[in-house]
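Each remark here refers to the structure printed beneath this line.
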Amino acid sequence: MNRRLRFGLAAIPRDCLLCGAGSGGNALCRACRNALPRLPAARCPICAVPTTGSAICGACLADPPFFQRTLAAVAYRFPVDALIQASKYAGDLGAGRALGELLADAIAADPAPDIIVPMPLHPARLKQRGFNQALEIARPLAWRTGASLVTDACARVKDTPPQASLPWKEREKNIRSAFACRKDLSGKRIALVDDVMTTGHTLNEAAKALKKGGAAQVHAWAVARTLGEN
């Protein structure tokens, strides 16, 4: 895989974003997809942290999160991290499409939820960035599963500093009560979509709001899962 990323300006790339080879209309060619950093097979079924066998990790046993399961496509390492940065901060729609394709493949065998909810941005952050990268990732998931894509089920009501800018120990407090549910989700099975899962605090707070809105089940769907402190 060429370590020089070839992020183009086109929303629908004709060639692989990573190496420039023909990709059959996909954002990434087969060789580059196969070379992406994978998560270990042995990981917690709830939060996807590496563990022994298929056992639930000690953290989830001691303090179960509000989401019941995590599905992640790849590990948060090069070149996945660069694709995510390009999508989130450079507005590269081709990179966003690649991320959506990766996650769509990862959740293909899972039962379809009733509703797909992209992780919301605070209005101030959305105005600054101009788009929500989680929504762009969620679009192909809705198309693939047939589930309803609902963008106003969960709102970010606190404009907090970015989680990545804070030490791990401060992230849970930073994101506390940052979300509110704006719809009646009684009995609904929800897939909550984000680009990266690190500590899981952001996904957990959003899932908490969705459960307060009546959701029967919340699964966390993330393109990438970190394997250590980031």
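Among the residues of the range 193-230, how many are among the aliphatic types (A, V, I, L, M) and either surrounded by fewer than 18 Cβ atoms within 10 Å (Cβ to Cβ) or under 18 Å from Val74 (Cβ atoms) (or both)?
10
Give the range 168-226 a look and list any residue that's within 12 Å of Arg69 (Cα to Cα) and part of a helix (DSSP H, G or I), or say none.
Selection gives Leu203, Asn204, Ala207.
If you go through the range 1-43 one residue at a time, how many are at pLDDT 90 or above, closer than 16 Å to Ile84 by Cα and among the charged types (D, E, K, R)?
Selection size over the range 1-43: 2.
So which residues in the range 105-152 are surrounded by 16 or more Cβ atoms within 10 Å (Cβ to Cβ), in a helix (DSSP H, G or I) and hydrophobic (A, V, I, L, M, F, W, C), if there are any at all?
Once the filter is applied, which keeps residues that are surrounded by 16 or more Cβ atoms within 10 Å (Cβ to Cβ), in a helix (DSSP H, G or I) and hydrophobic (A, V, I, L, M, F, W, C), the range 105-152 yields Ala106, Ala134, Leu135, Ile137, Ala138, Leu141, Ala142.
Taking the criterion of being touching a strand residue (DSSP E or B) at 6+ places or on another chain (Cβ under 6 Å) and either part of a loop (DSSP other than H, G, I, E, B) or among the β-branched types (Val, Ile, Thr) (or both), would at least one residue in the range 91-103 satisfy it?
No: zero hits.
Being out of contact with any Ser or Thr (no Cβ under 6 Å at 6 or more places or on another chain) and polar (S, T, N, Q) is the filter; apply it to the range 184-230 and report the residue that is farthest from Ile137 (Cα to Cα).
Residue satisfying both the conditions and the ranking: Ser186.
The values are calculated or read from the model by the stated rules, or taken from the named source; none is laboratory data. Here the structure is a predicted model, which means the values were calculated and not measured. Methodologically, a virtual Cβ is constructed for each residue, glycine included, from the backbone with ideal geometry; neighbour enumeration extends over all protein chains shown.
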